[in-house]
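One structure is given here, and the rest of the page talks about it.
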């Protein structure tokens, strides 16, 4: 592996990151762009694991808000993450990046069941590991799954991919004078109720001192710049 600031990373991709310009589903151009970014750091010898969401297809909490049983809605959301994971796998393997999709809910025909030692072995062999179906439990978000898997895989940092450059002092989509915050503590994120990740995920990262970098996945070369230690996005530590 190369001598970079981070040699083992977990990338948290929201389902919305795959939307691109579409109102629903998966934008082929966007998933290819993300795959190219991942391949770039994989070729540098970085161990890459990915946790992917399903909000571009179905969000459990939204289904629950419409009267659906929350557990059933969350399981439907988990299935959406599997669809995204398979799409990402296909895109990466078209770029000659070896991958394994590992699901917290057993679906042996299309993915491997989650076994920590097996997942670690895949990383050791240079494969990109894509974790789907969240934690396998309702009431937990894929943000929490990302924090959990990052610690289980021994990741040095959790990369939270978004559509903006990082955390701002106010909504940059609404206020043109919003300022990017380069560094912030876990406690500040929780106290200010900043919607970076859910509070359970932030608390887990804080307890185990796992840094989070919030970055704009739409920026070319963003993952490479991050592992090289350049200032990108917002560091939560």
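The values are calculated or read from the model by the stated rules, or taken from the named source; none is laboratory data. Everything numeric in this text was worked out from a predicted model, so none of it was measured. Note: ideal-geometry Cβ built from the backbone for every residue, glycine included; neighbour counts use all protein chains shown.
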Condition met for residue 105 (farther than 30 Å from residue 182 by Cβ, surrounded by fewer than 19 Cβ atoms within 10 Å (Cβ to Cβ), touching a residue at least 12 places away in the same chain (Cβ under 8 Å) and in contact with a strand residue (DSSP E or B) (Cβ under 8 Å, 6 or more places away or on another chain)): no
Residue check for residue 97: more than 16 Å from residue 202 (Cβ to Cβ), buried (at least 20 other Cβ atoms within 10 Å of the Cβ) and modelled with pLDDT of 95 or more: no
Among the residues of the stretch 89-102, the number that are part of a strand (DSSP E or B) and out of contact with any helix residue (DSSP H, G or I) (no Cβ under 6 Å at 6 or more places or on another chain) is 0
Quick one: which helices (runs of 4 or more DSSP H) sit completely within the stretch 175-237 and have at least 2 residues that are without any contact (Cβ under 8 Å) to a residue 24 or more places away in the chain and over 30 Å from residue 32 (Cβ atoms)? 186-191, 199-207
Taking the stretch 16-58 on its own, how many of its residues are touching a strand residue (DSSP E or B) at 6+ places or on another chain (Cβ under 7 Å) and at pLDDT below 95? 2
Restricting to the stretch 1-43, name every residue that is free of Cβ contacts under 8 Å to residues at least 12 places away in the same chain and either closer than 11 Å to residue 224 by Cβ or assigned to a strand (DSSP E or B) (or both). 43
Starting from residues that are in contact with a strand residue (DSSP E or B) (Cβ under 8 Å, 6 or more places away or on another chain) and surrounded by fewer than 20 Cβ atoms within 10 Å (Cβ to Cβ), keep the ones in the stretch 74-94 and report whichever is farthest from residue 137 (Cα to Cα). 93
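Taking the stated definitions as given, is residue 123 at pLDDT 95 or above, under 18 Å from the mean Cα position of the chain (by Cα), surrounded by fewer than 22 Cβ atoms within 10 Å (Cβ to Cβ) and closer than 22 Å to residue 36 by Cβ? Before you say what the answer is, go through the steps one by one.
Numbers: at pLDDT 95 or above: yes; under 18 Å from the mean Cα position of the chain (by Cα): yes; surrounded by fewer than 22 Cβ atoms within 10 Å (Cβ to Cβ): yes; closer than 22 Å to residue 36 by Cβ: yes.
Spelling it out, residue 123 is indeed at pLDDT 95 or above, under 18 Å from the mean Cα position of the chain (by Cα), surrounded by fewer than 22 Cβ atoms within 10 Å (Cβ to Cβ) and closer than 22 Å to residue 36 by Cβ.
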Which numbered condition in (1) more than 22 Å from residue 144 (Cα to Cα); (2) at pLDDT below 95; (3) in contact with a helix residue (DSSP H, G or I) (Cβ under 7 Å, 6 or more places away or on another chain) is the only one that residue 176 fails? (3)
Here is a list of conditions, (1) out of contact with any strand residue (DSSP E or B) (no Cβ under 8 Å at 6 or more places or on another chain); (2) modelled with pLDDT under 95; (3) closer than 30 Å to residue 75 by Cα; (4) surrounded by fewer than 17 Cβ atoms within 10 Å (Cβ to Cβ), and residue 141 meets all of them except one; can you say which number that is? (4)
